[in-house]
Amino acid sequence: MTIFDSIAPALSGALAARGYETLTPVQTAVLAPEANGADLLVSAQTGSGKTVAFGIAIAPTLLEGEDRFTSIGAPYALVIAPTRELALQVRRELEWLYEKTGARIASCVGGMDMTKERRALQGGAHIVVGTPGRLRDHITRGSLDMTELRAVVLDEADEMLDLGFREDLEFILGEAPKDRRTLMFSATVPKPIAQLAKQFQNDAVRITATSEKSQHSDIEYHIMPVAPRERENAIINALLFYDAQNTIVFGATREAVKHLTSRLSNRGFSVVSLSGELSQAERTNALQAMRDGRARVCVATDVAARGIDLPNLDLVIHADLPTNPDTLLHRSGRTGRAGRKGICVLIVPASRRRSAERLLQMAKLSTTMVPPPDAAAINKRNHDRILNDPSLTEVMTEEEGEHVRELLGLHSAEQIAAAYLRQQMAARPAPEELSNTPAHVLEPIRKGSYDDRPGRGDRAERAPRSDRFEQFESGAWFSLSVGRKQRAEPRWLLPLICKAGDITKTDVGSIKILETETRFEITASKADAFMARIKQYGTGEKGVNITRSEAAGFSSPRSDFKPKKNFGEKREWDDRKPPRDRDDKPRSDWAAKPAKAKPEGWTAEKPEKVKKPKERKPGDPSGFDKYKAKKARKAAAGQAE
């Protein structure tokens, strides 16, 4: 259908000016006759055009047949979003969609100046977009008038319930007029969403815009098995190989995001990060840098990236595997939108192979196994990009022609082309060298026991642990600036050392934890490269430094360790007492043993205790005197009353 059939004229003009020629499935569904004026429960994936969908769905309710709003005061519509970024993004979308209607749109989100928001509400607004907590604050303080509301929209309703906003949503919907329209948009409709819809909607029309499978049909999934110590190198090479206009890299934790951002920045990438520790101003600046082209890579956690929409996002890299299929689909769904093709890369270390197999099996996605791109593949791809650069086919201007003729007069065409080639190559970070060790291969999960694994085949038998330890060559000692006082433990020290120095645990010898530092040994062949990498990139942990050390040092005992005062005399292993000669046959005579002799003068009767009278000292009052004194006090108390 065309966009002019069922849409308010002012909005259809805005869509045409924006370049819309057809509607997405969810936008078409909300314009169906049965959805006109009704409550809606819509299941649609991220990137399916939901914002425009509910914008055109509520337009007839807000405008009431008019082309423009005729008055301004209390808001007519309330749009609730789970995060600040999504709320501000929705506001921007509605501003251009309702531009020709004269609509005034206000936002109320956490982290922004509440006083300015209150002034905007007092000045009047037709549509208010906000987050649940901040909207509830404004309602409680009386700065948000709910009496004129005609429509309430819940965007990403499932995300809001996951983030714990159910109580706030129930409060807001309870304060809204009973006759308003309620539109709920959610990627999925689990039981809590269905219960919320049943409680606050009236005969809602259920719309399922598209399936997850069709939503991800424009995304290519590439599985990239890597050696654990080469995970970051594989990410760098993937960024260089695909060379996407915009890329988002997902990490599991804030520390992982911080470390990877630092690594990519040091390698020459224009990168920003999004994590929970950033302020609202820092988050806004990071997203704006991605939108205006100052940054091309965004490293983010799942929670921090919820609700954000980055333009021209052609590549998604999962540096850490998602925990469940829904998270995988939600992360990956940020690319392949609006008809654009997208690529999703999963970095899978050997230690996470089984998790990746189960994840892909549950997600039911069509994937392709690809090796990590090496330097040769990246250089070939760069060579092809340079040869097919669109700027080489552009028409030359007169001013450019003068410079070209001047250059050709001074240098040959080969020299100019070589200089251009060098500039193009210098503008790109150099690829990382990867080992020639073949990566593990992901296979479908076999039913049965893990004991059904194949044998070692042609591989040599593994050496005993003691032999392998003895084979470690003597190396150089280093010092780590944490010890027992900082609760240092080998279980997290060893991964930190290997990750910071790009080595394996077989390259690490003894680890001695002292009171305020830790000494560890690195094999001599890797010591110089290890130290060079530490100087270049650091450890990736705040306040943790690694320096060279001359000796191993002596391990200090634990602070709560208390040795025994006396262990006694050490006995030889065969210094035991000889066994007693005894007869193990049961006794035949069980007669009672003779009683012990009683001392002289003993009797079974207990002597009678004689109670001695208490001696009264001279001057002490007798018992009768005490009684008379007590009686006199009671009489005096009665007279006083």
Q) Mind checking whether some residue in segment 500-509 is assigned to a strand (DSSP E or B) and modelled with pLDDT under 90? A) yes
(Q) What's the total number of residues in segment 302-320 that are surrounded by fewer than 20 Cβ atoms within 10 Å (Cβ to Cβ) and modelled with pLDDT of 85 or more? (A) 1
Q.
I'd like the full set of residues that are over 24 Å from residue 255 (Cα atoms) and polar (S, T, N, Q), limited to segment 491-516.
A. 506, 510
Q.
List pairs: first residue in segment 396-424 and closer than 21 Å to residue 383 by Cα, second residue modelled with pLDDT under 85 and of a type outside the set (Asp, Glu) anywhere in the structure, Cβ distance under 7 angstrom, at least six positions apart or on different chains.
A. 421/386; 424/386
Q. When only residues in segment 106-161 that are in a helix (DSSP H, G or I) and β-branched (Val, Ile, Thr) count, which is farthest from residue 84 (Cα to Cα)?
A. 140
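Here's the yes/no breakdown for (1) closer than 19 Å to residue 225 by Cβ; (2) of a type outside the set (Ser, Thr, Tyr):
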residue: 321; (1), (2): yes, yes
residue: 333; (1), (2): no, yes
residue: 344; (1), (2): yes, yes
residue: 348; (1), (2): yes, yes
residue: 355; (1), (2): yes, no
residue: 360; (1), (2): yes, yes
residue: 369; (1), (2): yes, yes
residue: 409; (1), (2): no, yes
Q. Inside segment 357-368, can you point out the residues that are touching a residue at least 40 places away in the same chain (Cβ under 8 Å) and surrounded by fewer than 21 Cβ atoms within 10 Å (Cβ to Cβ)?
A. 357, 358, 361, 364, 365, 366, 367, 368
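Look at residue 340 and say whether it is of a type outside the set (A, V, I, L, M, F, W, C), part of a loop (DSSP other than H, G, I, E, B), touching a residue at least 24 places away in the same chain (Cβ under 8 Å) and touching a Leu at 6+ places or on another chain (Cβ under 6 Å).
Spelling it out, it is not the case that residue 340 is of a type outside the set (A, V, I, L, M, F, W, C), part of a loop (DSSP other than H, G, I, E, B), touching a residue at least 24 places away in the same chain (Cβ under 8 Å) and touching a Leu at 6+ places or on another chain (Cβ under 6 Å).
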Q: Would you point out the residue of segment 485-524, among those that are in contact with a helix residue (DSSP H, G or I) (Cβ under 8 Å, 6 or more places away or on another chain) and either on the phi > 0 side of the Ramachandran plot or among the small types (Gly, Ala, Ser) (or both), that is surrounded by the fewest Cβ atoms within 10 Å (Cβ to Cβ)?
A: 502
**Q.** Pairs where the first residue, in segment 32-60, is in the same structural domain as residue 78 (by TED's automatic domain parsing) and on the phi > 0 side of the Ramachandran plot and the second is among the hydroxyl-bearing types (Ser, Thr, Tyr) and at pLDDT below 90, C-beta under 6 Å, 6+ apart
**A.** 49/24
Q: Quick one: which helices (runs of 4 or more DSSP H) lie wholly within segment 218-300 and hold at least 2 residues that are surrounded by fewer than 16 Cβ atoms within 10 Å (Cβ to Cβ)?
A: 254-266, 280-292
Q) Taking segment 127-172, which residues are hydroxyl-bearing (Ser, Thr, Tyr), surrounded by fewer than 23 Cβ atoms within 10 Å (Cβ to Cβ) and under 24 Å from residue 113 (Cα atoms)? A) 140, 143
Q) When you go through 419, 376 one by one, which is the residue that is in a helix (DSSP H, G or I), touching a His at 6+ places or on another chain (Cβ under 9 Å) and modelled with pLDDT of 85 or more? A) 419
Q. What are the pairs, 6+ residues apart or on separate chains, where a residue within segment 183-208 that is outside any loop (DSSP other than H, G, I, E, B) has its Cβ under 6 Å from a residue that is at pLDDT 90 or above and among the hydroxyl-bearing types (Ser, Thr, Tyr)?
A. 200/182
(Q) If I go through segment 472-485 residue by residue, how many of them are at pLDDT below 80 and assigned to a strand (DSSP E or B)? (A) 1
Q. Pick from 488, 527, 551: which is in a loop (DSSP other than H, G, I, E, B) and either at pLDDT 85 or above or under 27 Å from the mean Cα position of the chain (by Cα) (or both)?
A. 488
Q | Residue check for residue 68: within 38 Å of the chain's Cα centre (by Cα) and assigned by TED's automatic domain parsing to the domain that holds residue 201 | A | no
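Go through 102, 124, 111, 130 for me and flag whichever is at pLDDT below 90 and small (Gly, Ala, Ser).
Details: 102 fails: at pLDDT below 90; 124 fails: at pLDDT below 90; 130 fails: at pLDDT below 90.
It is 111.
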Q: Among residues belonging to segment 72-83 that are in contact (Cβ under 8 Å) with a residue 60 or more places away in the chain and surrounded by fewer than 22 Cβ atoms within 10 Å (Cβ to Cβ), point out the one that is nearest to residue 175 (Cα to Cα).
A: 74
Q: Answer with yes or no whether residue 164 is part of a loop (DSSP other than H, G, I, E, B) and outside the structural domain of residue 332 (by TED's automatic domain parsing).
A: yes
Q.
Name the residue that is nearest to residue 429 (Cα to Cα), counting only residues in segment 266-288 that are modelled with pLDDT of 90 or more and of a type outside the set (A, V, I, L, M, F, W, C).
A. 270
Q. Out of (1) part of a helix (DSSP H, G or I); (2) touching a Pro at 6+ places or on another chain (Cβ under 8 Å); (3) not polar (S, T, N, Q), the odd one out for residue 82 is which?
A. (1)
**Q.** Contacts under 8 angstrom Cβ, first residue in segment 314-325 being assigned by TED's automatic domain parsing to the domain that holds residue 301 and of a type in the set (Gly, Ala, Ser), partner assigned to a loop (DSSP other than H, G, I, E, B) and surrounded by 21 or more Cβ atoms within 10 Å (Cβ to Cβ), 6 or more apart
**A.** 319/251
Q: Quick one: which residue in 94, 88 is out of contact with any Phe, Trp or Tyr (no Cβ under 6 Å at 6 or more places or on another chain), closer than 19 Å to residue 274 by Cβ and either among the aromatic types (Phe, Trp, Tyr) or in a helix (DSSP H, G or I) (or both)?
A: 88
Q) Does residue 328 qualify as being more than 30 Å from residue 536 (Cβ to Cβ), touching a Leu at 6+ places or on another chain (Cβ under 7 Å), not assigned by TED's automatic domain parsing to the domain that holds residue 48 and not in a loop (DSSP other than H, G, I, E, B)? A) yes
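The values are calculated or read from the model by the stated rules, or taken from the named source; none is laboratory data. Bear in mind that the values here come from a model prediction, so they are computed numbers and not experimental data. As a convention, Cβ positions derive from the backbone with ideal geometry for all residues, glycine included, and neighbour counts pool all protein chains shown.
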